[in-house]
Amino acid sequence: MADAETHGWTFASAYNDRHMVTGAATLGLEVAEELPGIDVLHVPIGGGGLAAGIAVALAGLPLQVWAVATEESPTWINWLNTGHAEVVATGPSIAEGLSGPIEPSTLTFPLVHDLLPRALSVNDAQIGHAVAWLTATHQQIVEPSGAAALAAALEAPAELVGARVGVLLTGRNIGLDRYRSLLEQHINAQEQDGRDRT
């Protein structure tokens, strides 16, 4: 933002921008076309632009859009629980795309607040498991931020039993070393779990 002001450039927020939200809404239209009949759609949330746009596009349809945030960046969990936007402390996460501070004045707050009935949180271990699960089950490489919505679905909240759940995967931007490290952590955790059960 400082560079934009210094050089006369236009700064475009990834979420606090009506054009970004409008662009995200087109994905909501795709969901309505490609996944008719789902009951709940899990959408990852960082600044809220993607979730807001999708929720606007799907408003009026008989499905709910649920936000999925990281435990390390619980801004939206707090905002939706309290009903008002305020500065929330955040920490580092393997899902960098969903992490970091969000200005309370963001235009996404009223949209998300009014249109998304639930926000779930997932931790780094659950996200790493989702990344590995996608590789093992569907041969898909997805970055941690992109797999957060799946991580929540894999936890199988009791209220979703019997529901038809859609999951939005967003992004494959992950380097080989980091990807290998996440898979190794998942394999080691599985092996430890097996030893603990025997």
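The helices (runs of 4 or more DSSP H) found wholly in segment 1-59 and carrying at least 3 residues that are touching a strand residue (DSSP E or B) at 6+ places or on another chain (Cβ under 8 Å) occupy 49-58. Residues in segment 134-150 that are over 13 Å from the mean Cα position of the chain (by Cα) and closer than 16 Å to residue 170 by Cβ were compared, and the one that is surrounded by the most Cβ atoms within 10 Å (Cβ to Cβ) is 134. Filtering segment 150-198 down to residues that are basic (Lys, Arg) and at pLDDT 90 or above, which residue is nearest to residue 140 (Cα to Cα)? If we take residues in segment 150-198 being basic (Lys, Arg) and at pLDDT 90 or above, then 172 is nearest to residue 140 (Cα to Cα). When residues in segment 94-117 are screened for being surrounded by 15 or more Cβ atoms within 10 Å (Cβ to Cβ) and in contact with a strand residue (DSSP E or B) (Cβ under 9 Å, 6 or more places away or on another chain), 8 of them pass.
Do the conditions hold for residue 61, that is, is it more than 18 Å from the chain's Cα centre (by Cα) and touching a residue at least 40 places away in the same chain (Cβ under 8 Å)? When the stated conditions are applied, residue 61 does not pass them.
May I ask you to list the residues in segment 135-167 that are in contact (Cβ under 8 Å) with a residue 12 or more places away in the chain and hydroxyl-bearing (Ser, Thr, Tyr)?
Taking segment 135-167 as the starting set, the residues that turn out to be in contact (Cβ under 8 Å) with a residue 12 or more places away in the chain are 135, 140-155, 157, 160, 163-167.
Of everything in segment 135-167, those that are in contact (Cβ under 8 Å) with a residue 12 or more places away in the chain and hydroxyl-bearing (Ser, Thr, Tyr) turn out to be 135, 145.
Looking at residue 161, is it among the hydrophobic types (A, V, I, L, M, F, W, C) and crowded, with 20+ Cβ neighbours inside 10 Å? Don't jump to the end; show me each part of the working.
Numbers: among the hydrophobic types (A, V, I, L, M, F, W, C): yes; crowded, with 20+ Cβ neighbours inside 10 Å: no.
No.
Residue pairs whose Cβ atoms lie under 8 Å apart, sitting 6 or more positions apart in sequence or on different chains, and linking a residue in segment 185-198 that is touching a residue at least 12 places away in the same chain (Cβ under 8 Å) to a partner that is of a type in the set (A, V, I, L, M) and surrounded by 12 or more Cβ atoms within 10 Å (Cβ to Cβ), are 186/131; 186/132; 187/132; 189/125. Residues that are part of a strand (DSSP E or B) and in contact (Cβ under 8 Å) with a residue 60 or more places away in the chain were ranked within segment 75-134; the one that is farthest from residue 189 (Cα to Cα) is 119. Just wondering, is there one or more residues in segment 171-185 that are hydrophobic (A, V, I, L, M, F, W, C), surrounded by 14 or more Cβ atoms within 10 Å (Cβ to Cβ) and closer than 21 Å to residue 67 by Cβ? There is no residue in segment 171-185 that is hydrophobic (A, V, I, L, M, F, W, C), surrounded by 14 or more Cβ atoms within 10 Å (Cβ to Cβ) and closer than 21 Å to residue 67 by Cβ. Restricting to segment 45-94, count the residues that are more than 21 Å from residue 21 (Cα to Cα) and aliphatic (A, V, I, L, M). Residues that pass the stated criteria total 4.
The values are calculated or read from the model by the stated rules, or taken from the named source; none is laboratory data. Everything numeric in this text was worked out from a predicted model, so none of it was measured. Because the Cβ atoms are built from the backbone with ideal geometry, glycine has one as well, and the counts that use them run over all protein chains shown.
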